[in-house]
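Reviewing the structure listed below.
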Amino acid sequence: WTLDAKTQGWRSDEPGSVIAFEVDGTAILSMHHVIKRAMGKAQVQVDGGAPVILDGWFSGTWGGYRSTSLLAKDLKPGKHVVRIELLAEKNSGSDGHAFTLYGLGAAGVAARCAGPGFGKKPHARHRAQCSKMSVPRGLTR
């Protein structure tokens, strides 16, 4: 798997290749590219659970799209390992194995108000704005 500079997605065309990520949340989703080209299938597992098969090929001739799939839900809060393996199996309409993972998403992650400069402590003038931020029930700031 390599990071594709053009799409900023992780890409492989080697069946058997594996990539893994650590994701925090209680539900995890994936986003991958689907198009009528030489695309393959990937098997995804969260914490070694039931595999989800994602197909990068479809028969549409109008172009490609980003597909979003639920991989796991009702997970215990905390970190989870997402393992993705490119399969030798592919759609009968495809003549290749390429697969592009655009990203992983998570739900059930504590909300944080970062203000400008995401990931940093909010500047003094933004603290008041953050303190007024509405936080869904069950989440913390």
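The values are calculated or read from the model by the stated rules, or taken from the named source; none is laboratory data. Values in this document were obtained by computation on a predicted structure and should not be read as measured data. Please note: Cβ atoms are built from the backbone with ideal geometry, for glycine as well, and neighbour counts cover all protein chains shown. Side chains included, ligands, DNA and RNA excluded: accessible areas come from the protein's heavy atoms. Shrake-Rupley method; radii C 1.70, N 1.55, O 1.52, S 1.80 Å.
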Does ARG83 count as open to solvent by 50 Å² or more (accessible area, probe 1.4 Å) and in a strand (DSSP E or B)? yes
Which of the residues belonging to segment 44-64 are under 21 Å from VAL81 (Cα atoms) and either touching a residue at least 60 places away in the same chain (Cβ under 8 Å) or polar (S, T, N, Q) (or both)? GLN45
Of the residues VAL44, VAL109, VAL52, which is under 16 Å from the mean Cα position of the chain (by Cα), among the β-branched types (Val, Ile, Thr), within 27 Å of ARG11 (Cα to Cα) and at pLDDT below 95? VAL109
Going by what's in this entry, would LEU75 be described as aliphatic (A, V, I, L, M), under 19 Å from VAL23 (Cα atoms), in a strand (DSSP E or B) and touching a Ser or Thr at 6+ places or on another chain (Cβ under 9 Å)? no
Where a residue in segment 65-82 is over 7 Å from VAL46 (Cα atoms) and its partner, wherever it lies, is of a type in the set (Lys, Arg), with Cβ under 7 Å and at least six apart: none
Return the residues of segment 29-43 that are more than 13 Å from LEU104 (Cα to Cα), surrounded by 15 or more Cβ atoms within 10 Å (Cβ to Cβ) and of a type outside the set (Gly, Ala, Ser); say none if nothing qualifies. VAL34, ILE35, LYS36, MET39, LYS41, GLN43
Which one is nearest to LEU3 (Cα to Cα), of the residues in segment 13-60 that are among the polar types (S, T, N, Q) and outside any loop (DSSP other than H, G, I, E, B)? SER30
Closer than 13 Å to LEU29 by Cβ, in contact with a Phe, Trp or Tyr (Cβ under 9 Å, 6 or more places away or on another chain) and open to solvent by 40 Å² or more (accessible area, probe 1.4 Å) - does that describe any residue in segment 44-66? yes
Restrict the check to segment 93-106 and report whether at least one residue is open to solvent by 70 Å² or more (accessible area, probe 1.4 Å) and at pLDDT below 95. no
With (1) modelled with pLDDT of 95 or more; (2) open to solvent by 50 Å² or more (accessible area, probe 1.4 Å) as the list, and ARG125 as the residue in question, which single condition is left unmet? (1)
Can you find a residue that is at pLDDT 95 or above, closer than 10 Å to PHE99 by Cβ, of a type in the set (Val, Ile, Thr) and open to solvent by less than 20 Å² (accessible area, probe 1.4 Å) anywhere in segment 20-28? no
